[in-house]
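Everything below concerns the one structure shown next.
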Amino acid sequence: MHTIPVIILSGFLGSGKTTLLLRLLAEAEERGLRPAVLMNELGKLDMDGHMLRQRSPGLTLEKLLDGCICCDKKEEVAASLLLLAARQPDVVLIELTGVANPEEVADCLTEPALRGTLTLQRIVTVLDAEHVREYNSIFASDRELVHTLRRQMEVADRILVNKCDLVPAAEQAKIEKTIRKQNSAAPIRFTTQSRYEEPFLHDIPAYSRQHQSALPAFRVLSGSGASHRRHHSHLPESNQPAAEVQTRSFSRLQTITLPQSGKLDRGQLERFLKQRPTSLLRAKGYVSLRDQPGVWLVQWAGKRLYWEPSNYEGDTYLVLIGTGLDAGALRSEWTQLAGRP
């Protein structure tokens, strides 16, 4: 019986998982493969899904928003994977949130409803070369998160140490030693912008060309059916105003979504993010700027800021992910920056 192979993409916030996913989609297109994607985001807004639709308009995609796929969304994972399998792709790519344990998601593939339909091909973990050795000390007081980050390395079948252009060559040997304490067998590749040399999908047969599906290509699943079984699940805080959403995990991680009203000054936005070098781990969103036309994709990852023009046409916003964030102070400062009434 033919089963659809599944590749799980794991790694901490800002390591380069989405960039790797885009490269895998390009490789699939080159090989004539028909991929399907399950993506998970901690926030309520579908940012990465827009990026994928922009790059791959016909992509078969399921989204799980507003929670972690390995805990809050565990009951929805099997349903989402069945929907993807019904489209009969050649391969399913699952991109996890930065705080997900890939082991728990792999366990979902053993659910009775999925047996004989999907099979785990490999787990790929992406690490941020600039910061991976710091995480144990940064999150020393958060045992569950440290355990998750270690498991991301331990269970990987392949490890990409990304952003190697940002660290000296001598640091790579130290990183490899750190990885080998957790995983003695997985091949390690040192990359920049998640660019790899050996093909990832060379062992995936092009099965779906003989079994095309007429089902629609894109859906987004949000948080209404979330399970309450969790180890670091992300719980909405009901006392937050409707315009600004905050979630807090069992770990110290928080997610805050800030809507944009007026246009922003680019320099002020950069300072807004850089003022929190230790508490702000990740930021991403679509913003409009005073001195430049259109909407810009902005990403803060590894204490670095990246800008990219976008054709996004929805409401603009910024999502912050971090530890010990003062939501009230952030909202007040953001209101001043974005020119809200």
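The values are calculated or read from the model by the stated rules, or taken from the named source; none is laboratory data. If you're wondering where the values come from, they're calculated on a predicted model, not measured in any experiment. All Cβ positions, glycine included, derive from the backbone under ideal geometry; neighbour counts span all protein chains shown.
Here are a few things to note about the model shown:
- Whichever residue in the stretch 260-303 is loosely packed, with under 15 Cβ neighbours inside 10 Å and in contact with an Asp or Glu (Cβ under 8 Å, 6 or more places away or on another chain) and, among such residues, is nearest to A338 (Cα to Cα): R290
- Scan of the stretch 304-322 for residues that are out of contact with any His (no Cβ under 9 Å at 6 or more places or on another chain), in a strand (DSSP E or B) and surrounded by fewer than 19 Cβ atoms within 10 Å (Cβ to Cβ), ordered by number: R304, L305, Y306, W307, E308, P309
- Any hit, the stretch 311-322, residues being small (G, A, S), more than 17 Å from T18 (Cβ to Cβ) and modelled with pLDDT under 90: yes
- The residues of the stretch 95-142 that are surrounded by fewer than 20 Cβ atoms within 10 Å (Cβ to Cβ) and among the β-branched types (V, I, T), listed by number, are T110, T117, T119, I138.
- Positions within the stretch 164-189 being hydrophobic (A, V, I, L, M, F, W, C), surrounded by fewer than 16 Cβ atoms within 10 Å (Cβ to Cβ) and not in a helix (DSSP H, G or I), in sequence order: A185
- Selection from the stretch 8-35 of residues that are assigned to a strand (DSSP E or B), among the aliphatic types (A, V, I, L, M) and over 14 Å from S194 (Cβ atoms): I8
- Residue match in the stretch 63-80 (condition: within 24 Å of H202 (Cα to Cα) and at pLDDT 75 or above): no
- Filter pass, T257 being crowded, with 16+ Cβ neighbours inside 10 Å, modelled with pLDDT under 50 and not in a loop (DSSP other than H, G, I, E, B): no
- Residue count for the stretch 276-292, restricted to those that are of a type outside the set (D, E, K, R) and more than 20 Å from Y135 (Cα to Cα): 6
- Filtered residues of the stretch 265-300 (kept if part of a strand (DSSP E or B), among the charged types (D, E, K, R) and touching a helix residue (DSSP H, G or I) at 6+ places or on another chain (Cβ under 9 Å)): K284
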